[in-house]
Amino acid sequence: MAAVGIGLALAEAGTTLAAGVAAAALAVLWAIRAATLGAIAAALVLCGAAVGELRLASIDAPAQRLRDGERVELQAHLVTPPRRGPFGSSAEVAVTGGPLEGARLLVRAARWAPLPNAVGIGQELQLEGRVKALTSRADASTRDASFDFAAYLRARGVAGELLLEHARRTGRRRDGLAAALDWMRERAERAVVAGMSSADGALLRGMVLGQDEAIDEALRQDFRDSGLAHLLAVSGQNVMLLAALALPALALTGLGLRGRLTALVALIALYVPLAGAGPSLQRAGVMGIAGIAAMVASRPASRSYALLLAAAATLAWNPRSWTDPGWQLSFAAVAGILVTGVPLSRSLRRIGDDLVQPKWKPASGDAAARTVSARALAVGAVRVLADGVAITVSATLATAPLLAHHFGSVPLAGLLANLLALPAVAPAMWLGMLKIGLGQLGDLGLTAAEALGRVTAVPVGYIASLAERCADLPSGQLALGLDSPAALIAAYVVLAAAALPAAGLARPLAARFPERAARWRRLPRARRLAVATTAALALLASAAPALQGPAPPGRLTVRFLDVGQGDATLIQHPDGAAVLFDGGPPEGGVTRLLRKAGVDRLSVVVATHASRDHHGGLVEVLRRYPVGTLLDGGDGTSDPGFRAVLDEAATQGLRRVVAAAPLTLTLAGGDLRIRLLSPLPRPPGPPPEDPNPRAVVALVTAGAFDLLLTADAESETLLPLDLPDVDAVKVPHHGSADPGLPDVLDQAEPELAAIEVGPNTYGHPAPSTLTALSRADVTTYRTDLHGTVTLTVDEGEMRVDTER
């Protein structure tokens, strides 16, 4: 299986390279007197490469028919849920009619030409747009300029992109087995979120069905930084928990062992496509079915063979799968568990047995029976804990180099977070799967799933809270760039070299442990309880400060928050008052940045104007934080996104004030003042088509410090105002080209400027803007280059700290 997998993985490089590898394998094995084995291995590598090339030719055939820029009309089935982004939405479709029939395309829908609302997987769409061929480039919507989005799409079997112009439903759907799966998936999606809040439901749907598109971006980032992101990608853990849940239920049916195992295979085969059939889930499904098949055939299952079989099967389906980081992480985790997790689990189980299970047998009688039952329960609990710790430690270590290679950092908090999450993961998964099963029973089952929602929210809410806390741990992320394959291999060599002496040191300690465990058991029960309680309390006391999150700053602090292509500025006064100007786009994660800044309530939230990259994140802000006053700069807009902000304010019962000059708010006992300079009240009539010129312009003053916040209002709005000298300014409109900016800088004379900007296609910040700031001798910071920019004012002195 290893030889076949190597050949499949090498298919993209061509048979020449595969033949070279096969010849090298033959030479090495010949040298160790295994000529027959070497010949077989070489033949299997070549065979795998040939099969892989045929499969790649089949996958790439539709791409050969693409004509870059060609306008097409086609019918297609939606195969992934639409994912919202800063510039619109995207989804993958399988073309069923038209010039590109048989191709898989990524549809990019702009906000002005969206996909139909509430469109579901399996529905047929009539699409019109222009085809775009895949070219290796960085994706403008990501923050990683080195990310090759085209290679990522090719690895998924996507032939090209379709820049959507128009889309409509045809009213038809897929048929056959795919239609049955669609029907079951829709019921599963409704059932899994039933009876839960939108946030908890979205998280559970991601954990159980792999559909994470509705999870708040801030929470998604928390899961990444805390090392819990694997919980949002259905994987082997899901298959294992499904088996553990299903086998007892199947035992109640009266089926024999083979019947139960066959039914379990059918359940796994059904669950894998139902949950999206991602690379890690494909691997887990193949491994699970291979292991069960071995049990049915009364053959001992080889875990390593099952892993190699899973690799060969997934590569046979798509030889480019191995280039996907998810595929690599999944196999690395399982390999780590097999190599180090299994022996570690055995050692931990022995230690646990020595602690809770004496070597002598108690006398007969009811009391003795109860004692035996209690000890059996304790032994079972300790063994489950030992397995969980072993799997977590081994998988964390095995995937750390790959995380550093692909993402440039390793979540040091991941081990702690995963250990603390152990008690909640299985209940959350089991309850979610149970809700999915109930959902297939119709309305009655859906009612039962809704009743389970409140119970399910407990472990799900705990996991979400844990991710938030562990993501904020000091030094929770270790920046480690393993850019080259050589550096990655070296990291694994170092890891293996460190493991050998660690195992050698552990052996003598393990040998002495039974004697010490016996001494522990001979202590009076009261003393053991007191020692264990004291140790637990000490551990909680030491961990509590780290898990409480950061405290608010003790000095006046202004943070120009890195929310991507958007605006969000936070002002924090040492007395606890906090003011937020705008919230960036919905995907900017502003609530997470507020939490990291130590915010627990906001005195004032200012929505400067109706623009998605300014007001998009405010709905979540108003939902998560207590807010004193909302300054409404919507100017009477009918924009649905801005109206959602106002609706949420009404739901929360917030005080709402129209943001129109002249208006002054005084906070912090009069030390913090917000004075609106613009806009003046709008005359009767409809709001202007362009909201930028009437965006809120404010002067924030604290003591002798003055900050000018301009939102998207440029020089045509600013120059007629009576601008005072200021210490700092937020550059208007993300640094767009503004011929009057030099005059604004000459009038305001700032010492420091911040440009709130992210990756974009608009050319922000414009070269002319940067030149104007440089000529005015203004020290300038950019959130796209420096991350969140923190300005601290202390005794009249300004200090700036940046994330990068």
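The values are calculated or read from the model by the stated rules, or taken from the named source; none is laboratory data. Everything quoted here is computed from the prediction, not taken from an experiment. Using ideal geometry, Cβ is built from the backbone for each residue, glycine included, and neighbour counts are taken over all protein chains shown. Keep in mind that these areas ignore ligands, DNA and RNA; they rest on the heavy atoms of the full protein, side chains included. Shrake-Rupley method; radii C 1.70, N 1.55, O 1.52, S 1.80 Å.
Using a Debye calculation, one point per C-alpha and no hydration shell, please list log10 I(q)/I(0) for the stretch 151-283 at q = 0.19 Å⁻¹ in order.
-1.31
Given 37 °C and 0.692 mPa s, how large is the Stokes-Einstein diffusion coefficient of the stretch 611-681 in µm²/s, with Rh as the Kirkwood radius over Cα pairs?
250 µm²/s
Please compute, for the alpha-carbon atoms of the stretch 387-444, the extent along each of the three principal axes and give them in descending order in Å.
Rounded to whole Å, the extents work out to 48, 25, 15 Å.
Counting Lys +1, Arg +1, Asp -1, Glu -1, what net charge surrounds residue 192 among other residues with beta carbon under 13 Å of its beta carbon?
0
Compare the peptides 790-802, 198-210, 90-102, 625-637 by average per-residue count of other Cβ atoms within 10 angstrom and give them in order, highest first.
198-210, 625-637, 90-102, 790-802
List, in order, the whole-Hz ³J(HN,Hα) value for each residue of the stretch 319-330 obtained from phi through the Karplus relation with A = 6.51, B = -1.76, C = 1.60 and θ = phi - 60°; use x for Gly and Pro.
Once rounded to whole Hz, the list reads x, 8, 3, 5, 7, 7, x, x, 5, 4, 5, 4.
Just to be sure I understand the model, the point goes 7 Å from the Cα along the line to the Cβ. What's the resulting residue 170 to residue 722 distance in nm?
6.7 nm
Would you please give the residues with an amide H less than 5 Å from that of residue 736, counting only those at least 5 places away or on a separate chain, with H modeled from the backbone geometry?
766
Three principal axis extents, largest first, for the C-alpha atoms of the stretch 731-801, in Å?
Here the Cα extents, ordered largest to smallest, are 39, 28, 15 Å.
Hey, how much of the P(r) for the stretch 417-487 falls beyond 21 Å, as a percent of Cα pairs?
48 percent
Between residue 126 and residue 538, what's the calculated FRET efficiency when r is the beta-carbon distance and R0 is 60 Å? Round to 0.05.
0.35
Going by amide H atoms built from the backbone, whose H comes under 5 Å of the H on residue 162, apart from near neighbours?
Those lying under 5 Å, H to H, from residue 162 are 106, 107, 108, 132.
Run the quick spin-label model on residue 483 and residue 601: label points 7 Å from Cα toward the beta carbon, then report their separation in nm to one decimal.
Placing both labels 7 Å along Cα→Cβ, they lie 4.9 nm apart.
Please give the direction-averaged projected area of the C-alpha convex hull for the stretch 665-804, in square nanometres with one decimal.
9.7 nm²
Give the accessible area for residue 786 in Å² (nearest 10); use a 1.4 Å probe, count only protein heavy atoms, and leave out ligands, DNA and RNA.
Counting only protein heavy atoms, the figure is 50 Å².
Starting at the first residue of the stretch 69-78, write each ³J(HN,Hα) from the Karplus equation 6.51 cos²θ - 1.76 cosθ + 1.60 with θ = phi - 60°, in whole Hz, x for Gly and Pro.
Values per residue, Gly and Pro as x: x, 6, 8, 9, 10, 8, 9, 8, 9, 6 Hz.
Rounded to the nearest 5, what % of DSSP beta bridges with both residues in the stretch 549-643 are antiparallel?
50 percent
Taking one equal scatterer on every alpha-carbon of the stretch 727-771, how large is log10 of I(q)/I(0) by Debye at q = 0.17, 0.21, 0.23, 0.31 1/Å?
The Debye formula, applied to the Cα set alone, gives -0.45, -0.66, -0.78, -1.24.
List, in order, the whole-Hz ³J(HN,Hα) value for each residue of the stretch 587-602 obtained from phi through the Karplus relation with A = 6.51, B = -1.76, C = 1.60 and θ = phi - 60°; use x for Gly and Pro.
Whole-Hz 3J(HN,Hα) from phi for the stretch 587-602: 8, x, x, 5, 5, 5, 5, 5, 5, 5, 7, x, 7, 10, 7, 10.
Pull up all non-local amide H partners of residue 556: gap of 5 or more, or a different chain, and H-to-H distance under 5 Å with H placed in the peptide plane.
Under 5 Å from the amide H of residue 556: 793.
How big is the gap, in Å, between the Cα center of the stretch 61-87 and the Cα center of the stretch 322-338?
So the separation of the two Cα centres works out to 30 Å.
Work through the residues other than residue 643 whose Cβ is under 14 Å from its Cβ and net out their charges, Lys, Arg +1 and Asp, Glu -1.
Residues near residue 643 contribute -3 overall.
Quick one: length gained pulling residue 262 to residue 531 fully straight, 0.36 nm per residue minus the C-alpha distance?
Roughly 92.0 nm would be gained on extension.
Quick check: pseudo-label points 7 Å beyond the Cα along Cα→Cβ at residue 777 and residue 342, how many nm apart are they?
Placing both labels 7 Å along Cα→Cβ, they lie 7.2 nm apart.
Please compute the Kirkwood hydrodynamic radius over the stretch 592-726, one decimal place, Å, based on all pairs of different Cα atoms.
For the stretch 592-726, inverting the mean 1/r across all distinct Cα pairs yields 15.6 Å.
Note the full-extension length gain between residue 79 and residue 406 as 0.36 nm times their separation in residues minus their Cα-Cα distance, in nm to one decimal.
115.0 nm
With a 10 Å radius around each residue's Cβ, average the other Cβ atoms per peptide and rank 340-346, 761-767, highest first.
With the highest mean Cβ count within 10 Å placed first, the list reads 340-346, 761-767.
Which percent of the Cα-Cα distances in the stretch 648-745 go past 19 Å?
Of all Cα-Cα distances in the stretch 648-745, 49 percent exceed 19 Å.
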